[in-house]
Each structure stands twice: as structure tokens, then as C-alpha cells.
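Let me begin by presenting the structure, written as C-alpha cells, before commenting on it.
All of the numbers you see were taken from the coordinates with simple rules; none came from a lab. Computed from a prediction, not measured in an experiment: that's the story for all the values here. Here Cβ is always computed from backbone atoms with ideal geometry, including for glycine, and neighbour counts include all displayed protein chains.
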């Protein structure tokens with residue numbers, strides 16, 4: 001695939017997410033501040049949106065200008081151009097959040113909590129078994145590699161420059177060839193464990209089941225992408241699969257998140273405003289929940305006030321670190 | 001298990017959270033919406049759902065157990081038990097209830113609720129509480 005097209009698809013996906021971000025939270029929140037649904041159309045609401053979009057669009061413009069000025073020959077240019085819109089959006093988000101804080105709605109109604117008094121064991125729904133098939137994808141990939149083992153050359157390119165020319169090589173060994181597929185299986189396990197942890201560590205709500213569903217759909221996405229990537233040494237490397245699957249998946253999830261946020265009936269978790277800092281960081285030592293629903297975007301965020309939060313964060317970040325180290329060790333030349 | 005058995009507390013209320021939990025569960029018990037043999041959620045789960053400290057729920061469960069409503073077994077759920085026929089409250093306890101009731105009625109009157117309405121509310125509530 002043409003590297004420029006690959007870059008354009010990746011950059012367009014990143015820009016799509018950052019541009020859509022302010023519309024992805026429940027309507028009564030704007031940049032993580034509880035302001036009420038109609039607030040977006042008021043002067044201060046528009047001002048906060050203007051601040052955010054100014055930062056985001058500036059980041060996107062600089063990224064595109066950088067690519068035109070320096071080209072895509074150097075990898076760091078490529079990486080910088082992808083990261084710039086995200087960094088600019090994060091900065092815009094925090095500045096808009098700070099601007100809106102004085103307009104936060106009174107906390108009177110946020111202290112009411114309701115709970116069902118049933119002791120039924122908290123179990124995963126039966127449909128959570130749909131998390132199993134994605135694990136078959138890297139296994140199928142390994143079977144494919146095994147079947148075509150003799151067609152794979154003894155010396156294989158492991159790394160390509162942005163110009164499409166190989167600049168890293170390795171030999172045909174099981175560890176090198178199956179490494180990325182093993183990484184894919186590990187990544188799927190990591191995502192699944194994260195989904196289970198957030199399911200049991202969060203309060204019971206309809207949103208909790210939805211998030212588990214999204215997590216499982218991410219497993220399908222990642223299973224497909226990394227299994228396809230794991231076939232890098234195969235005779236017919238299907239690069240088009242990961243490249244073509246990501247944009248429609250992102251568009252689908254963004255659309256669903258937008259509709260969910262815009263629906264006034266979507267329940268919003270009641271958490272004290274004063275425990276949120278920088279918009280999306282929650283720290284409430286009096287709240288025993290390990291995960292709470294984010295105020296912007298989709299999913300849960302960790303409650304850093306929970307005594308297990310730091311151990312959990314260390315364990316999961318450490319797990320991801322080990323997985324990435326394993327991938328570099330096996331694929332990038334052992 | 002009846003699906004309607006819910007409790008609601010207000011963390012911004014001046015009434016302590018544990019007292020609100022005790023009162024809310026006691027209403028459900030007296031109204032027979034929580035019947036003997038029903039298991040309540042674990043302390044951890046209820047604390048998480050209500051967003052309060054574990055000790056707050058633990059304290060509430062202990063108080064209800066002392067009143068004879070719950071059986072607490074270590075490592076198991078709190079179980080609603082049959083209290084049997086209770087002896088009538090002693091006169092001094094009745095006086096205490098009357099004081100609290102008088103204060104509440106006075107508060108309602110001060111906020112403009114007519115006497116007839118207060119009497120009707122009290123009758124409705126009393127008839128709703130079967131035990």
C-alpha cells in the first residue's frame with residue numbers, strides 16, 4: 001500500500017476522533033463540566049467550543065504543514081504529524097474545561113444515589129462468551145503460517161522505511177514469525193481482563209453492559225488487525241485488512257457514542273464535581289468504586305482515590321509494557 | 001426477589017448516610033418488601049453502588065442486626081430473619097417516638113402543610129406498614 005495513503009487514512013482517523021470529541025459526552029456535560037444540555041448554545045458554551053476547536057484545528061494544520069514541508073521520509077515526521085492533533089486537542093480540552101468551571105451547575109442533585117437490594121451474584125452476561133472467538137484469529141494466523149512455512153524465505157525484512165524499502169532483517173525462526181501472533185493473543189487477553197475488571201469494579205448500570213460489549217468489539221478489531229499484521233512474513237501479506245477495517249470501525253463507534261450522549265435518557269453516573277480534576281481524572285477516597293463512567297467519550301476511568309487503583313494501574317501498564325517489549329524482542333530482530 | 005426493593009440516599013443531606021441506609025431498609029422490612037430469607041447485597045457491593053465507605057454500610061447492617069432484622073454471618077450475605085412477635089415498646093420509648101413525631105409534624109405545619117393533610121399522610125403510612 002502507498003505510504004502516503006496509509007498516512008492519510010491514519011491522520012484522517014485521528015482528526016475525526018478529535019473533531020468529534022466535544023459531541024461524544026452526555027449532553028449535560030461539556031468538557032467534563034456539568035453545565036446542562038442547553039448550555040452549548042449559550043455564549044460561554046460557544047466560547048469553550050471555540051477554544052477547543054481553535055487548538056485542534058491548529059494542531060491539524062501544523063501536522064499537515066509539517067508533512068508538506070518535510071515529507072514522509074523520516075519516521076519521526078510521521079509520528080509527530082499523528083501525535084500533534086491529539087496533543088493540541090488535549091490542551092484545548094483542558095483550557096475549555098478551566099473556562100467552563102465557573103459555570104458548573106450546583107451539586108444539589110448530584111448526591112442522590114439509588115441501589116437495588118438484591119444479593120444476586122454479580123456475573124458476566126452470557127453473551128460475554130463472544131469474547132472467545134477473537135482468540136481464534138491469531139491461532140488461525142499461526143496455522144496459516146505453519147501451512148506456508150516453506151514458502152517463507154530464510155531471510156525476511158522486519159522493518160520498512162516510509163519509502164517502502166526494507167531496512168531491518170531477521171531469519172526465519174518460529175519465535176520471529178509467530179511473535180506478533182503471540183503478542184496479538186496477549187493483547188486480546190489484556191483487553192479482556194481490562195473489560196472484566198471495569199465490569200466488576202464499576203457500579204451496576206446499563207452503561208456497564210454496553211461498555212463490556214464495546215470492549216468485546218475492540219477485541220474483534222484488534223484480533224483482526226494484529227493477526228493480519230502477524231502475517232507480515234506470509235507470501236500474501238494482507239495489509240489492506242487492518243488499514244481498511246479501522247476507519248469504518250471508528251466511524252461506527254463514534255456514531256454510537258454520539259447518539260448515546262445526545263439521548264437525554266442515557267443515565268449519567270452521579271459523582272461529586274469536586275472529585276474531578278483536569279476534566280477527566282477522578283479521585284474520590286470516599287467512593288469504593290474502582291471505575292467510574294467517564295464524563296467525556298466512552299468508557300470508564302479509574303478512581304485514583306481507591307486504595308487498589310495504583311496497584312491496578314501498575315499491573316495493567318506493566319502488562320502492556322511486557323507485551324510491547326516481547327513484540328520488539330521477537331519481531332524486531334530478537 | 002421483588003425488583004422494587006430499592007433504597008435511595010442523598011449524600012448531601014445533613015442526615016448521616018448510615019442513618020439513611022438504616023431507615024430506608026427498615027421501611028422495606030416493615031412493609032414486608034424484604035421478607036425473611038432474603039439475602040441483602042454484600043457490604044462491599046452496596047457501598048460501591050451507593051458510593052459510600054464500606055464502614056458506612058457495615059454500621060447500618062450492624063444496627064439492623066441489633067434490632068433483630070438481619071442475621072450477619074462472617075463471609076456471607078446479610079440475611080433477613082423473622083423477628084417473631086415483638087413485645088410492645090416500653091412507655092419511655094413511646095414518649096421518645098412521640099417527641100420525634102411532634103417535631104416532624106411541627107416542621108410540616110411550619111412549612112404550610114395543613115393538619116388534615118398531615119393526619120391523612122400519617123394514616124396512609126401507618127396502614128402501609130403491616131408489621
Row for the stretch A:196-334, column shape: gyration tensor on C-alpha, a ≥ b ≥ c, rounded if a/c < 1.5 i.e. under 1.5, prolate if a/b over b/c, else oblate; value oblate
Taking Cα atoms only, helix A:174-201 is inclined relative to the longest principal axis of chain A by an angle, in degrees rounded to 10, of 10
Mind checking the angle between helix A:43-70 and chain A's longest principal axis? C-alpha axes, 0 to 90 degrees, to the nearest 10. 20
Euclidean distance of C-alpha centroids, the stretch A:216-275 and the stretch A:125-156, integer Å: 20
In degrees rounded to 10, the 0-90 angle between helix A:309-331 Cα long axis and the longest Cα principal axis of chain A is 20
Partner shielding of A:117-130, as the mean number of partner chain Cβ atoms within 10 Å, equals 4
Based on the mean of other beta carbon atoms within 10 Å per residue, what is the order of A:150-157, A:96-103, most packed first? A:96-103, A:150-157
Percent antiparallel among DSSP beta bridges confined to chain A, rounded to 5, stands at 90
Sorted on mean Cβ neighbours within 10 Å (highest first), peptides B:114-120, A:126-132, B:42-48 come out as B:42-48, A:126-132, B:114-120
Could you please state, rounded to a whole Å, how far the C-alpha centre of the stretch B:110-131 is from the C-alpha centre of the stretch B:71-97? 24
Can you tell me how the stretch B:85-130 classifies by the Cα gyration tensor, rounded, prolate or oblate, using a/c under 1.5 as the rounded cut? oblate
Taking Cα centroids, how far is the stretch A:179-200 from the stretch B:1-50 in Å? 37
Classify chain A: rounded, prolate or oblate, from the alpha-carbon gyration tensor (a ≥ b ≥ c, eigenvalue square roots; a/c under 1.5 rounded; otherwise prolate if a/b is larger than b/c)? oblate
